[in-house]
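Contents: one structure, followed by commentary.
The values are calculated or read from the model by the stated rules, or taken from the named source; none is laboratory data. From a predicted model like this one, the values you see are computed outputs, not experimental measurements. Quick reminder, even Gly has a Cβ in these numbers, built from the backbone with ideal geometry, and neighbours come from all protein chains shown. Heads up: the accessible areas ignore ligands, DNA and RNA and are worked out on the full protein's heavy atoms, side chains in. Shrake-Rupley method; radii C 1.70, N 1.55, O 1.52, S 1.80 Å.
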Amino acid sequence: MRRPTDNGFTERRNAAAEAKRELLAKFASSPKSADPAMQERLAARDAVTQARELRRAEREALKAAQNRRILADAAAEEKAEAESRQAEIADQISRAAAAEAARKAERDRRYAARKARQA
């Protein structure tokens, strides 16, 4: 039992052909590239694209400048840390040298006192 709404092969083929014709008619009626309105839309689209590219380039330049500034700040900070470490090391060396000199002076004083007692 076939239903009356059941499409046979020829009906489906005719429906597909009609859909193709409608699609081609729609495409054929679309504005051509030589149409002034289409030219305006294309020009507007190009302007938007160029503006977008310009903004992107500006953002990238700004990011690059910020990265350079951050790197310069980090380099300055590292330099300051290195200088403070060097100053701290120099201070420790000078304190160690002063302590060694004080120990030698004390040893020499004891040696001189012992020699004075023996003589």
Matching entry among 34, 97, 51, 28 (being on the phi < 0 side of the Ramachandran plot and outside any helix (DSSP H, G or I)):
34
State all residues of segment 62-78 that are open to solvent by 90 Å² or more (accessible area, probe 1.4 Å) and more than 16 Å from the chain's Cα centre (by Cα); if no residue qualifies, say none.
77, 78
Number of the condition not met by residue 23 [criteria: (1) open to solvent by less than 100 Å² (accessible area, probe 1.4 Å); (2) of a type in the set (A, V, I, L, M, F, W, C); (3) at pLDDT 90 or above]:
(1)
So residue 16, is it free of Cβ contacts under 8 Å to residues at least 24 places away in the same chain, open to solvent by less than 60 Å² (accessible area, probe 1.4 Å) and not polar (S, T, N, Q):
yes
Would you confirm whether or not segment 54-75 contains a residue that is part of a helix (DSSP H, G or I), β-branched (Val, Ile, Thr) and at pLDDT below 95?
yes
